[in-house]
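K.L.:
Structure provided below as structure tokens; questions to follow.
Please treat every number below as a calculation from the coordinates, not as lab data. All figures in this text were calculated on a predicted structure; none of them were measured in a lab. Cβ coordinates were reconstructed from backbone atoms using ideal geometry, including for glycine residues, and neighbour counts include every protein chain displayed.
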Amino acid sequence: MSPSVARGLLNLRHLWIDDCQSMEEVITKEEQQGEGIITLFPLLEKLDFSYLPKLQHFFLTEHALKFPFLRKMRIDQCPEMKTFLQHGISMS
């Protein structure tokens, strides 16, 4: 999905992606924006990725990504995952 679509999912609390054989990224390359912190899924509490053999990253960005309510993250059986984000996660 594109970053603009992800920003529209304001009430998403649990993102679960399981057994998707061809997925290489969850959020496609970001649109050009100014510097700062991006808040995607502002109410997200749980993030769960499993059995995604081609997943390489969640989101490649030069911005910090903020998940203010994230409390649980599970990444399982994603052998190609090299990075989650380039510059890290801000959890506040």
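K.L.:
Go through the range 44-51 residue by residue and turn each phi into a ³J(HN,Hα) via Karplus (6.51, -1.76, 1.60, θ = phi - 60°); whole Hz please, and just put x for glycine and proline.
P.N.:
3J(HN,Hα) across the range 44-51, in whole Hz: 4, 10, 9, 10, 9, 10, 8, 6.
K.L.:
Which whole-Hz ³J(HN,Hα) couplings does the range 57-66 yield from phi under the Karplus relation 6.51 cos²θ - 1.76 cosθ + 1.60, θ = phi - 60°, glycine and proline marked x?
P.N.:
Residue by residue, the range 57-66 yields 6, 7, 7, 8, 8, 9, 9, 6, 10, 10 Hz.
K.L.:
Skipping prolines and chain starts, which residues have an amide H placed within reach, meaning under 5 Å, of the one on Met73, given they are 5 or more residues away or on another chain?
P.N.:
Leu47
K.L.:
Let me ask something additional. Tally Lys and Arg at +1 and Asp and Glu at -1 over the other residues with C-beta under 12 Å from the C-beta of Glu45: what net charge comes out?
P.N.:
Local net charge: +3.
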